[in-house]
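The next block holds one structure in the form of structure tokens; read it before the comments.
The values are calculated or read from the model by the stated rules, or taken from the named source; none is laboratory data. Since we're looking at a predicted model, the values are computed, not measured. Don't worry about glycine lacking a Cβ; one is built from the backbone with ideal geometry, like all the others, and counts go over all protein chains shown.
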Amino acid sequence: MTARPPFTPFADGSPKFQPGLRRIEPVNWLLPDTEADIALEAKAKLFAERPNETFAALAGSEPGQKEACSLVEQALGQVCSPTSEPGLLAASRLVSDDLCLMERQGEHWVLRAASLAAPTHFSLADTLGKSLENLHQPVPDGTPALAGKIGKMFDQVPPGAVFERFNWTIQLGNTRFMPDAAPMRAQALLTAPEQASKVLHLRVERQTILRLPKTLGVLFCIRICIDPLRNLSAAQAKQLFTAWAQADEHVRGYKNWAVFDRLMVHFVDNFDFSKN
């Protein structure tokens, strides 16, 4: 059984606006898929019901999609169902991760195709066809500093190499498909503090990048893990609350954490820190 939560990036402190990538063994790229039992069935349903919101691609991205699909198949030891659908969408049905294909166009890395079943506060309509610079404009120091660092890193990643990083936040409920966080945040402001233990959840993004050996694009994968805060161990809870409390104003502002403050205070005050 997979330990929950499977990843605890808050143990390293507050979120930071840095690439923070570390190289991992290719065998650990997509396996074990900690969210497969949770996400795959819901993902297929979402693809059927909201196709325009969950997949899009630009013309000319087909070779990169095909190569990405082949690499996902090899990593999982599975084969995509024989259909005429785009390669990246077919590959996305095999793994819980969202798959984003970045390719170079002139001097810029551009999002050329994406399958999104669990986006964290962004949508295909707002991101497809945009460069790294445009994608990171809302992030503090995102343009040109962070985007420039990521672009250089993309250029330097050896073909076939896999790198990993994490991001995390807090949300109300366990919704995975959340292109727009505004309704959830509005609900947070209306939620009674006494409901905190029932509604507060940890949302972790495990992000990996793989340089495609043939087409030389970058396959950016995002695995979403959502767990109730009430299920954290005492040690994990202390780490998370410390990271939350020590987050600087830029992090709190970008993530809109102020809407959860009443709930978090009540949750911390009533958490059982004596449990294992």
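Exactly one residue among Glu49, Glu67, Glu73 is crowded, with 17+ Cβ neighbours inside 10 Å, over 20 Å from the mean Cα position of the chain (by Cα) and on the phi < 0 side of the Ramachandran plot, and that residue is Glu67.
Scanning the range 28-60 for residues that are β-branched (Val, Ile, Thr) and modelled with pLDDT of 95 or more, we see that the one that is nearest to Gly253 (Cα to Cα) is Thr54. Residue pairs whose Cβ atoms lie under 8 Å apart, sitting 6 or more positions apart in sequence or on different chains, and linking a residue in the range 112-137 that is in contact (Cβ under 8 Å) with a residue 12 or more places away in the chain and farther than 23 Å from Phe17 by Cβ to a partner that is crowded, with 21+ Cβ neighbours inside 10 Å and among the polar types (S, T, N, Q), are Arg112/Ser61; Ala113/Ser61; Ala113/Gln65; Ser115/Thr54; Ser115/Ser92; Ala117/Thr54; Ala117/Ser92; Leu124/Thr54. If only residues of the range 252-276 that are of a type outside the set (D, E, K, R) and not in a helix (DSSP H, G or I) are counted, the one that is surrounded by the most Cβ atoms within 10 Å (Cβ to Cβ) is Phe271. Looking at the range 28-116, the helices (runs of 4 or more DSSP H) lying wholly inside it that each contain 1 or more residues that are under 16 Å from Arg211 (Cα atoms) and hydroxyl-bearing (Ser, Thr, Tyr) sit at 62-76. Name the one entry in Ala57, Ala3 that is surrounded by 13 or more Cβ atoms within 10 Å (Cβ to Cβ) and either within 27 Å of Asp155 (Cα to Cα) or aliphatic (A, V, I, L, M) (or both). Among Ala57, Ala3, only Ala57 is surrounded by 13 or more Cβ atoms within 10 Å (Cβ to Cβ) and either within 27 Å of Asp155 (Cα to Cα) or aliphatic (A, V, I, L, M) (or both).
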